[in-house]
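Have a look at the structure below, then the notes.
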């Protein structure tokens, strides 16, 4: 299987981890030798309820028996998509009332950028250095990391970059700006939280000059930071909210949400302003609806902050320089990329899944399922400390 994997399936790096999967359940992924691997990554924040959660699986199976894809997005009334978007609106501020469902987070970013241009009639987009919003051409254009995009230029023009958390740079948002797009918490850069008042000031400047404020919640969303959405921690409300990853409960999804006034602009001048064949797919929407219901109707979200405290209490070691992030969106910062690599690879050998961040090479990602138990957290942290002891010695 490995040789076929390398021969026939296109890869993203020269050296994929190449663990062959048998099945997954709860906080564990099992390889073909039935070895359990405690999952501290959750599919890169995409499985908030862990693997094969019964509520999610039941919703998928029920929808499978009714219908799969029947029509391109937005033409037919399909109950799973309607109920998912309605439930999102229930849990968001009134100004975020209408949602467009897509197939992935990066597609939702594309839709959000298009909507901002359509609404303002402007072309300038401001993004942050070391930002990551996806890998399609528009999303890559607002990626603040030249090394990853230089091979694909020319990209979208009129993109400016500011430094995340720089209050001085906010003045670069002017009447020429269509939108500012930021991650609520910078992911690839190393799980960088906004400084107190920063996002609030960006929002204020956008309103002052008539620009739209887009927040990318593809990673921080769905309860990972102790609130359903990360922006709810920082006294701000975006004009356009972008979600994905965890919203699907393990199925591929993306979404962008705004006011009806904004979203209705995609209906006309031109018609079909944003279209997709499979966005809002009934099976995926059913999975997303079951996931969102479980997260919002249980104590999963408040327990996220308790679990963060447990991680911070347990992960004390001379090689751990810092733990960044909030809730269960955490990154261990180590002295070097070599130590981070060794930790991640040695932990996988022992049955613990950690992973890298895109740009911060000295980091190891900890984004487990929100349903992970305290016992599982303790077990995984013990393995991390054992490996760090070996490296340190």
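The values are calculated or read from the model by the stated rules, or taken from the named source; none is laboratory data. The model shown is predicted, which means the values in this text are computed figures rather than measured ones. No Cβ is skipped: glycine too gets one built from the backbone with ideal geometry, and neighbour counts run over all protein chains shown.
Checked against the criteria, residue 213 does not count as more than 10 Å from the chain's Cα centre (by Cα), modelled with pLDDT of 95 or more and under 28 Å from residue 293 (Cβ atoms). No other residue among 2, 25 is at pLDDT 95 or above and out of contact with any helix residue (DSSP H, G or I) (no Cβ under 7 Å at 6 or more places or on another chain) apart from 25. Kindly indicate which of 319, 310, 345 is out of contact with any helix residue (DSSP H, G or I) (no Cβ under 8 Å at 6 or more places or on another chain) and at pLDDT 95 or above. None of the other options fit; the residue is 345.
Taken as a whole, the structure places residue 57 among residues that are out of contact with any helix residue (DSSP H, G or I) (no Cβ under 8 Å at 6 or more places or on another chain), under 19 Å from residue 245 (Cβ atoms), surrounded by fewer than 20 Cβ atoms within 10 Å (Cβ to Cβ) and at pLDDT 95 or above.
The residues listed here are 195, 208; of these, the one that is out of contact with any strand residue (DSSP E or B) (no Cβ under 7 Å at 6 or more places or on another chain) and closer than 20 Å to residue 95 by Cβ is 208. Looking across 272, 292, 266, one residue alone is modelled with pLDDT under 95 and either assigned by TED's automatic domain parsing to the domain that holds residue 81 or touching a strand residue (DSSP E or B) at 6+ places or on another chain (Cβ under 9 Å) (or both). It is 272.
Residue count for the range 205-233 under the criterion of being in a loop (DSSP other than H, G, I, E, B) and surrounded by fewer than 24 Cβ atoms within 10 Å (Cβ to Cβ): the result is 4. Checking each residue in the range 104-126 for being surrounded by fewer than 24 Cβ atoms within 10 Å (Cβ to Cβ) and assigned to a strand (DSSP E or B) picks out only 124.
Out of curiosity, is residue 199 at negative phi and outside any helix (DSSP H, G or I)? No: the conditions fail for residue 199.
Check the range 173-194 and report whether any residue there is touching a helix residue (DSSP H, G or I) at 6+ places or on another chain (Cβ under 8 Å), assigned to a helix (DSSP H, G or I) and at pLDDT 95 or above. Among the residues of the range 173-194, not one is touching a helix residue (DSSP H, G or I) at 6+ places or on another chain (Cβ under 8 Å), assigned to a helix (DSSP H, G or I) and at pLDDT 95 or above, which makes the answer no. Of everything listed in (1) assigned by TED's automatic domain parsing to the domain that holds residue 72; (2) surrounded by fewer than 24 Cβ atoms within 10 Å (Cβ to Cβ), the single unmet condition for residue 309 is (1). The residues listed here are 87, 113; of these, the one that is at pLDDT 95 or above, in contact with a strand residue (DSSP E or B) (Cβ under 7 Å, 6 or more places away or on another chain) and closer than 18 Å to residue 242 by Cβ is 113. In the set (1) assigned by TED's automatic domain parsing to the domain that holds residue 370; (2) touching a helix residue (DSSP H, G or I) at 6+ places or on another chain (Cβ under 6 Å), the condition left unmet by residue 36 is number (2).
Of the set (1) closer than 22 Å to residue 181 by Cβ; (2) in the same structural domain as residue 36 (by TED's automatic domain parsing); (3) surrounded by fewer than 16 Cβ atoms within 10 Å (Cβ to Cβ), all apply to residue 325 but (3).
Restricting 101, 68 to residues that are touching a helix residue (DSSP H, G or I) at 6+ places or on another chain (Cβ under 8 Å), surrounded by fewer than 21 Cβ atoms within 10 Å (Cβ to Cβ) and closer than 17 Å to residue 284 by Cα narrows the list to 68.
Of the candidates 252, 238, the single residue that is surrounded by fewer than 21 Cβ atoms within 10 Å (Cβ to Cβ), closer than 26 Å to residue 186 by Cβ and not assigned by TED's automatic domain parsing to the domain that holds residue 43 is 252. Residues being part of a helix (DSSP H, G or I), farther than 16 Å from residue 50 by Cα and touching a strand residue (DSSP E or B) at 6+ places or on another chain (Cβ under 7 Å): count how many of those fall in the range 234-261. Looking only at that region, the number is 1. Does residue 46 count as assigned by TED's automatic domain parsing to the domain that holds residue 274 and under 24 Å from residue 231 (Cα atoms)? No, not satisfied.
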